[in-house]
Structure formats: C-alpha cells, structure tokens
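Any read-out appearing in this document is the output of simple, stated calculations on the displayed coordinates, not a laboratory observation. What you see is a predicted model, and the numbers here were worked out from it, not measured in a lab. Positions of Cβ are backbone-derived with ideal geometry, glycine not excepted, and every protein chain shown enters the neighbour counts.
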Amino acid sequence: LVAVKLPRSTLTRAAMRKLPALCNELRILRHLRHPNIVLIHGAIISGERHMICLVLELLHGTKLGGFIKGGPDNLARYQIMLGVCRALLYMHSRSPHIVHGDIKSDNVMVVVTGGEACPKLLDFGLSRILTRNPRPLGGTLTWAAPEVFKRTGAVKCTADMFSFGHLVAFTATGRRPLEGLSLRTVRQILERDVPLPSWPHDCEFAPSCRPLVEACLRMDEAGRPTAPEAH
C-alpha cells in the first residue's frame, strides 16, 4: 500500500498554485533516503490535465501535535527529538545542503513500532537545495526564523535549526510557539524579538533541553548550533 499526494481538484486556480510546491517536493524527496524522512516511491505526471501526484510510503501514525496531546512518556518524546535531529543532520550534511524550510509539528508524523516512537519529516514543498542562488524560504510564521520572516540574508541551514528549537520545546512541553495570538500580534512581536518558550516548573526536560532550545532560538543565526552540535 502507498499514499498518493495530489491537489484536491485539477485545472482550478487553487490546484495550479500548488503545482510548483509539488514539483519542488518531488525534486527534493528523490534525493533523500532516511528512516526519519517520508519515502517517495515515484510520481504520476499528466501534462494534459496539468496534474502531478506524489506516490509516498503509507504511514500509519499520528501528527506530532496529536501524539503529544495523548501524553506520551519521556522516552517517546526524546525519541522524537532525536529522530528529527537525525533527519536534519542527514539533510544538512548533503552536498549541496538541503534545507527543509518548514519544520513544525504539523510536518512531523509519529509512527510507533515495537514500543518505539519514530518521527517522519513530511511536506518538502518549501524545501531548498542550497545551490549558488537558492530562492527565498517560506515557512510558517510562528515557527520560522526571523531572517525568513523578514526575508533578509541568504538561505541557510540555520533557519531549520531555529524551527527545530521550537519543535524541541513543543515536544517537551506541549506548548506551541506564540499560541493563541493573532497573526497581526505575532508579526508585531517578531519584528522586535523572538520570545523564548515558557517551561512548566515540573518539566523534566528543562535542564537538558532548555539550553539547546535557547541556543537554537538566537536572533543571530551565526550563534545557533548546527545539526551535528545539537545531535
């Protein structure tokens, strides 16, 4: 069995707008083979219908948000953090480097096999291969690095590491970055600074994970840890 990813309809303006992202996802995923990244088997392309479908491995799992809401134990949370970090280490170590560009809870599927939680990175539609002149990154406002939000500077792996910091904090605490705020308020906050996540006083991950999270969320991208350093 496989999963097929395609626009909900074809030959509509909305579907046509999604074609570049699907083409980019195919371009990226065909280079990647890693246990913490969704596997692509191929694609179905129809020029006549202006349609592209991605044929992916079928994952029997839960999105990270739902998984954390279920109250997993600390070992499962640690396995998720480690697995995502390993996926980033693999992507960032390739030549040329590959940046995911939209690391967030919605783009991580958790598959539990034999009592082990295995995270799988999804949705590479905004990803970039770091050739000489890569296109700017997109991303999700509340999870994205400030240089992505402000569209300043070149695309770098450090943008993924910023979002990874948010992901580690969310996996540890269940609290999403800037949760419950309007986009307008979020924009106003991010124009000034990046607020650090709050940690419950009884969070067992705080001593080990808080320093990593705060390092990843530095405004100065040069001060953020690399994937090998985080691993």
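Calculate, for I44 and L141, the FRET efficiency according to 1/(1 + (r/R0)^6) with r their C-beta to C-beta distance and R0 41 Å; round to the nearest 0.05. FRET efficiency, I44 to L141: 0.80. Amide H to amide H, with H built 1.01 Å from N, C118 comes under 5 Å of V111, V112, T113, counting only residues 5 or more places away or on other chains. If one takes the longest principal axis of the Cα atoms in the chain, at what angle in degrees, from 0 to 90 and to the nearest 10, does the Cα axis of helix 183-192 lie? Relative to the chain, helix 183-192 is tipped by roughly 60 degrees.
Charging the Cβ of each Asp and Glu at -1 and of each Lys and Arg at +1, and nothing else, the dipole of the chain about its Cα centre rounds to 900 debye.
Using 0.36 nm per residue and subtracting the Cα-Cα separation, the extra length available between R187 and D202 on full extension is 2.3 nm.
Relative contact order for the chain: 19 percent, from Cα pairs under 8 Å spaced at least 6 residues apart, divided by residue count. Note on the chain: Kirkwood hydrodynamic radius from all Cα pairs is 18.4 Å, rounded to one decimal.
In order along segment 211-216, phi translates into HN-Hα couplings of x, 5, 4, 5, 5, 5 Hz, rounded to whole numbers, per the Karplus curve 6.51 cos²θ - 1.76 cosθ + 1.60 with θ = phi - 60° and x for Gly and Pro.
What the Cβ-Cβ distance of D73 and A3 gives, at R0 = 30 Å and to the nearest 0.05, is a FRET efficiency of 0.60. Between the helical axis of 158-173 and the longest alpha-carbon principal axis of the chain there is an angle of about 60 degrees. Within the chain, DSSP assigns beta bridges of which about 95% are antiparallel (rounded to the nearest 5).
In terms of distances greater than 24 angstrom between alpha carbons, the cross-link table entries K5/K150; K120/K156; K63/K150; K120/K150; K5/K69 yield K5/K150; K63/K150; K120/K150; K5/K69.
For helix 13-29, report the angle its Cα long axis makes with the longest principal axis of the Cα atoms of the chain; keep it between 0 and 90° and round to the nearest 10°. Long axis of 13-29 versus the principal axis of the chain: about 70 degrees. Toward the positive end of the charge dipole of the chain, with +1 on the Cβ of Lys and Arg and -1 on the Cβ of Asp and Glu, the farthest Cα among L29, A222, G114 is that of L29.
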